[in-house]
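Reading through the structure tokens given below for one structure.
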Protein chains: 2
Amino acid sequence: MSMGEGRGMTAIGYVHGYSDREARRLGDQAEVLAELLHTGTAYPPGSRVLEVGCGVGAQTVHLAANSPGARLVAVDVSESSLAQGRARVAAQVPGADVAWHRADLFDLPFPDAAFDHLFVCFVLEHLPDPRKALTALRRVLRPGGTLTVIEGDHGSAFFHPYSAHARAVIDGQARLQSAAGGNALIGRELQPLLNQAGYHDIVVRPLTVYTDRTRPALVNGFTRDTFIAVFESVRKDVLAAGLSTAADWDRGIADLHRTAAADGTFHYTFFKAVAVNPPPSPRS
Amino acid sequence: MSMGEGRGMTAIGYVHGYSDREARRLGDQAEVLAELLHTGTAYPPGSRVLEVGCGVGAQTVHLAANSPGARLVAVDVSESSLAQGRARVAAQVPGADVAWHRADLFDLPFPDAAFDHLFVCFVLEHLPDPRKALTALRRVLRPGGTLTVIEGDHGSAFFHPYSAHARAVIDGQARLQSAAGGNALIGRELQPLLNQAGYHDIVVRPLTVYTDRTRPALVNGFTRDTFIAVFESVRKDVLAAGLSTAADWDRGIADLHRTAAADGTFHYTFFKAVAVNPPPSPRS
């Protein structure tokens, strides 16, 4: 669903594009969401940590800030995203130890078991075969090391006042992402995906964002500037794909804005999974 | 949505009926949900607490257990529910100080400001005018006293694997409840309802239940025995109302059970609101 970092980890189409405005949106929302998403994620000094699909570094700055002394490596397929990520980290976490590499998730330039921990946020949603990706990542993760995955789920969104047009906007974006090979509803699947990819000790936790008028910073920072902004950013593509009419889409967007108004409420759930890479089985 | 206590607080139809099996279901689920719903709810010794719509006492036992010394009063419109509630509390919280009254929410036999705190759980979902009910309750709550409201929201349910038939089952039950004058999607509306009813200092928190194979007790206790059980219990009524066919309904129920199987996941959100009854305004 791309409620966050857009990372084109592979050559598939990236639904959000790479405009400057998009980069700013990703940065803003990361501030608002950082506490929710990063609580509990801190790596010991000296540990080798790989962020897969770092994009413009919106999560990398929090990894660096929350794990001083960890040896962070960040990879992405986009050179320009990496350049933005490097600049962002330099500005926000001066002195952070981050190495940046342009690389594809399925062809990582690292030896086996090179990392103690992997961090993958808002990446699987864009992949045609997320299970294959999770399986491939195990090669560079040492046995006993952990993988942390964060994804959203557009099907988790509900709001007041109810609007079929608003619902259609969310569904339209999900169909667009699906047509590009992704899955905007992947959050609910993290547990089975990790299980099928061979990870052990899987713990999945829902991370809920709920906004109403008593939480004005979150109404602005999440409902308006993060969630609705995702949909406003794909209007042209949705219309071009024939997934909505301009009139229906604009009414849906207007109705979504009503959920951020005086008597509106809005609810969205992210999923955060932590799992362990088991030792190779004796038979393999 | 009646994910829990059914309390026929007024004379409107109660969608779940009052069978023995229903009473057992309500008791079982209350155990599983008690910690989630009651955390943070404890009243000081000597405080006067009214539970509105206590039903068969599934929440009353937790109120009594968590607030020893509070003077609890429990009301419901159903004599037989009250009898069951009285027996349940006597068995599970011996010595608890609970007074039981048969009463209608809109005609409570108590003086103004008789209570320091009100507790209302899974009641508003059954009322045609929940705002009017919340407004009426302010009479018996002292200025400065608190109201706690807990409701579910069927629109918050999502699951893996996805199934349009399962979704239709949930929507069918919601339409049945709606036809009876209720609202199975009321959780998301608590904040505006309380605001419109004149309460102050409203804090609404989502309480999320997420189940997957790593949480087998919750898969059984919540997904199967609480959530799916709600729908299994209304099959006859849904079919009689023409809201589904037997084949579609049974397929939807089977698909819901798949969400409780090996690679399934299930997500549901309750909402808990706490608000303060303000002093009467100078002009009123």
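Miscellaneous remarks
- Among the numbered conditions (1) touching a Lys or Arg at 6+ places or on another chain (Cβ under 7 Å); (2) under 24 Å from A:Gly40 (Cβ atoms), the only one that A:Trp100 does not meet is (2).
- Exactly one residue out of B:Ala164, B:Ala157, B:Ala174 is of a type outside the set (Val, Ile, Thr) and more than 12 Å from chain A (Cβ to nearest Cβ): that is B:Ala164.
- The set of residues in region A:203-237 that are assigned to a helix (DSSP H, G or I), of a type in the set (A, V, I, L, M) and either under 19 Å from the mean Cα position of the chain (by Cα) or within 20 Å of A:Gly152 (Cα to Cα) (or both) comprises A:Leu218, A:Val219, A:Ile228, A:Ala229, A:Val230.
- Of the strands (runs of 3 or more DSSP E) lying entirely inside region B:95-194, those containing at least 2 residues that are at pLDDT 95 or above, crowded, with 22+ Cβ neighbours inside 10 Å and of a type outside the set (D, E, K, R) are B:115-121, B:141-151, B:158-160.
- With respect to (1) farther than 18 Å from A:Leu33 by Cβ; (2) of a type outside the set (A, V, I, L, M, F, W, C); (3) under 24 Å from the mean Cα position of the chain (by Cα); (4) more than 13 Å from every other protein chain (Cβ to nearest Cβ), the lone exception for A:His200 is condition (4).
- Test: residue in region A:93-113 that is touching a residue at least 12 places away in the same chain (Cβ under 8 Å), small (Gly, Ala, Ser) and touching a Phe, Trp or Tyr at 6+ places or on another chain (Cβ under 9 Å): yes
- Among the residues making up region A:252-284, a single one is part of a helix (DSSP H, G or I) and of a type in the set (Val, Ile, Thr): A:Ile253.
- Sole exception among (1) more than 14 Å from chain B (Cβ to nearest Cβ); (2) more than 27 Å from A:Val149 (Cβ to Cβ) for A:Val219, by number: (1)
- Boolean, B:Thr245 is of a type in the set (S, T, N, Q) and more than 23 Å from A:Thr208 (Cβ to Cβ): yes
- Test: residue in region B:209-216 that is away from chain A (no Cβ under 14 Å) and not β-branched (Val, Ile, Thr): no
- B:Ile186, sole failed condition from (1) under 30 Å from B:Arg142 (Cβ atoms); (2) facing chain A (nearest Cβ under 9 Å): (2)
- Just one of (1) surrounded by fewer than 20 Cβ atoms within 10 Å (Cβ to Cβ); (2) part of a helix (DSSP H, G or I); (3) hydrophobic (A, V, I, L, M, F, W, C) fails for B:Trp249. It is (1).
- Scanning region A:33-70 for residues that are touching a helix residue (DSSP H, G or I) at 6+ places or on another chain (Cβ under 6 Å) and in a loop (DSSP other than H, G, I, E, B) turns up A:Ala42, A:Cys54, A:Gly55, A:Val56, A:Gly57, A:Ala58.
The values are calculated or read from the model by the stated rules, or taken from the named source; none is laboratory data. Since the structure is predicted, the reported quantities are computational estimates derived from the model, not experimental observations. Ideal geometry is used to build each Cβ from the backbone, glycine not excepted, and the neighbour counts take in all protein chains shown.
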